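Below is one structure, written out as structure tokens; comments come after it.
The values are calculated or read from the model by the stated rules, or taken from the named source; none is laboratory data. Because the structure is predicted, anything quoted here is derived from the model rather than measured. When we count neighbours, we look across all protein chains shown, and the Cβ atoms used for this are built from the backbone with ideal geometry, even at glycine. Accessible surface is based on the protein model in full, side chains and every heavy atom, while ligands, DNA and RNA are left aside. Shrake-Rupley method; radii C 1.70, N 1.55, O 1.52, S 1.80 Å.
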Amino acid sequence: MYGRVFAVAVVGIQGRLITVEAHVGRGLPALTLAGLPGVAIQDARERVRPAVESSGLTWPLRRVVVNLSPAGIRKEGPGFDLPIALGVLAASAQVPATLLGSYAFAGELSLKGELVATAGILPVAMAAAAGRLKGVVVPEGNAAEAALVEGLDVVAAPSLAAVAGFLRRSWSPSAERPPPRPEPQPSRDVDLAEVRGQGMARRALEIAAAGGHNLLMVGPPGAGKTMLARRLPTILPAMTRQEALEVTRLHSVAGLLSGGLVAVRPFRSPHHSISAPGLLGGGSGFLRPGEASLAHHGVLFLDELNEFRRDALEGLRQPLEDGRVIVARASGAVEFPARFALVAASNPCPCGFEGDPQRMCRCLPNRVLAYRQRLSGPLLDRIDLHLAMPRLSRAELLGTEPGEPSAAVRSRVEHARARQRSSLSGTPWTCNAQMPGALARQHARLTDAAEAVLSLAVESLLLSGRGFDRALKVARTIADLAGEERIQVEHMQEALSYRAVPSSEELDHTG
Ligand SMILES: Nc1ncnc2c1ncn2[C@@H]1O[C@H](COP(=O)(O)OP(=O)(O)O)[C@@H](O)[C@H]1O
Ligand SMILES: [Mg+2]
Ligand SMILES: [Zn+2]
């Protein structure tokens, strides 16, 4: 006796339609899984029999063989409990086959037969739509994300018993859909108006938001680095629907969705103790995206940058370069998108007061050097905006003058982004920071005077090739903020003021 059900394998953020075949035949009671099931699917094996028996259904006490095809590819994904159980139920004639060919089934089962919320349901629904199926049957907790795929019939079920009822046409999901949740808005709890003084830093934050640039803030404790970084999301431009769908897909695979569309740009601030797989993606069994990918189209904030593990920071070089993470596994490499703006904060030395006019740094010079060397040159080299932040004076801190509110800054950011979108239209890039060097040189449009400032900088500041391109991109963003077609002298000068401050060691070498 034979049954056939559609499931979806999820690798990275890609779903792929899989056929689950089940055969119930002679032999001692056993369940065999064939067709390259991954670790997560092997796991399903232990759960399906108790789930079936707790649902008022019968587990056939015969030899059961389940085969996943196409055979060549490795199947991963957390949602195979339900389709495997249904395959067995179909093969033992407990559910009719009529609807089985029109739906893809996905969901993890509890031992009691409940369908529990499962990671990766959005890619499952997308694969079902791409395979021209009528719909998907998923756990109730995943209904909202599946419903993001247009034209797909989403059947959200609480349990295996309910799904069996659906196939027998004796149960149907409540016609009354829960009202769509209001889309979350950017947090209104914090606002740039609360930040006093720090004009340079506020300006750098605005440039970072406008051009999607990476930003490093270096300053003593209490300067307001963390405070500023947390306010960056309040001035970022809104996401397009396309971007929001990409972000939602990553959060779906991570099992972090609680509703439908993630409409607000992500702001991720992992603790410095995070491991490399936690930051970049990994895990045994089903592969999950890391914080770098969860920050896709948003901000990855690394507070106390020097405290992060070196291997984790090294791994960031690739996503900073090309907007994606590749996780190598025995079964093949898996790719996750990871195009984020990096915002990092660091103290200048272990005690935090190096360079402070009012307080003495108590660190030994070689400790300061070791502290700085924990940040790799190649990482720092990929940061467009380097900013030294002084501590506020007492007078500034006690002053009552409020800063400019986030809404005003955001509207300038939106205008600058609109200019970039139109000048970059026809390319895969949407903001200045993403442009490759050659394109940046072509798009820069400097006045002759600005050009002269730049060539002087190349000679006198020993600007590297990367530093040159970086200064151009930042200058382009500053000109976009000013609504100028061409980069003027003052834009170029401001851009050069954010270049990496050479370490004392580098200065020693160059004399
Ligand atoms: N520019 C500022 N305007 C208003 N408050 C500030 C400012 N800088 C620091 N503070 C106050 O000091 C606290 C510590 O700042 P924080 O951002 O944590 O500093 P850092 O991260 O540089 O060590 C903040 O919570 C805030 O109350
Ligand atoms: Mg801090
Ligand atoms: Zn110190």
With the checklist (1) outside any helix (DSSP H, G or I); (2) within 31 Å of the chain's Cα centre (by Cα); (3) acidic (D, E) in hand, flag the one item E21 doesn't pass.
-> (2)
Would you say L300 is at pLDDT 95 or above, closer than 22 Å to R249 by Cβ, away from ligand 3 (no atom under 15 Å from the Cβ) and in the same structural domain as L216 (by TED's automatic domain parsing)?
-> yes
Test R47 against the stated conditions and say whether it is surrounded by fewer than 23 Cβ atoms within 10 Å (Cβ to Cβ) and closer than 20 Å to A125 by Cα.
-> no
For the range 260-269, does any single residue satisfy the condition of being within 29 Å of V116 (Cβ to Cβ) and assigned to a helix (DSSP H, G or I)?
-> no
Of the numbered conditions (1) in a loop (DSSP other than H, G, I, E, B); (2) within 16 Å of ligand 1 (Cβ to nearest atom), F301 satisfies every one except a single condition; which is it?
-> (1)
I326 passes all but one of (1) assigned to a strand (DSSP E or B); (2) touching a helix residue (DSSP H, G or I) at 6+ places or on another chain (Cβ under 6 Å); which number fails?
-> (2)
The range 197-245, residues that are among the hydroxyl-bearing types (S, T, Y) and either closer than 16 Å to L302 by Cβ or within 16 Å of ligand 1 (Cβ to nearest atom) (or both) | T226, T234
Could you grab me the full set of residues in the range 306-337 that are within 16 Å of ligand 3 (Cβ to nearest atom) and either open to solvent by less than 20 Å² (accessible area, probe 1.4 Å) or within 19 Å of the chain's Cα centre (by Cα) (or both)?
-> N306
May I ask you to list pairs of residues, at least six apart or on different chains, whose Cβ atoms are under 6 Å apart, with the first in the range 121-147 being more than 13 Å from A9 (Cβ to Cβ) and the second being among the charged types (D, E, K, R) and open to solvent by 30 Å² or more (accessible area, probe 1.4 Å)?
-> L122/R249; K134/D153; G135/D153
Of all residues in the range 389-404, which are within 16 Å of ligand 2 (Cβ to nearest atom), open to solvent by 60 Å² or more (accessible area, probe 1.4 Å) and assigned to a loop (DSSP other than H, G, I, E, B)?
-> P390, R391
Tell me which of these N214 doesn't satisfy, since it passes every other one: (1) open to solvent by 30 Å² or more (accessible area, probe 1.4 Å); (2) closer than 30 Å to Q14 by Cα.
-> (1)
Of all residues in the range 342-373 being charged (D, E, K, R) and in a loop (DSSP other than H, G, I, E, B), the one that is most open to solvent (accessible area, probe 1.4 Å) | R362
Does at least one position in the range 374-388 carry a residue that is buried (at least 19 other Cβ atoms within 10 Å of the Cβ) and within 14 Å of ligand 1 (Cβ to nearest atom)?
-> yes
So, first residue of a type in the set (G, A, S) and at pLDDT 90 or above in the range 193-222, second residue more than 16 Å from ligand 3 (Cβ to nearest atom) and part of a loop (DSSP other than H, G, I, E, B), Cβ within less than 6 Å, six or more apart or across chains; the pairs are A193/P402; A193/G403; A193/P405; A209/L236; G211/C431; G212/C431
Residues within the range 206-259 that are within 16 Å of ligand 2 (Cβ to nearest atom) and out of contact with any Asp or Glu (no Cβ under 6 Å at 6 or more places or on another chain), tallied = 16
The condition of being out of contact with any Pro (no Cβ under 7 Å at 6 or more places or on another chain), more than 16 Å from ligand 3 (Cβ to nearest atom), closer than 25 Å to L316 by Cα and not hydrophobic (A, V, I, L, M, F, W, C) holds, among G255, G199, G259, only for G255
Result of the Cβ filter at 9 Å on the range 355-378, keeping first residues that are farther than 26 Å from L320 by Cα and partners that are among the hydrophobic types (A, V, I, L, M, F, W, C) and modelled with pLDDT under 85, at least 6 apart or interchain, is none
Considering only residues of the range 231-279 that are over 15 Å from the mean Cα position of the chain (by Cα) and hydroxyl-bearing (S, T, Y), which is surrounded by the fewest Cβ atoms within 10 Å (Cβ to Cβ)?
-> S273
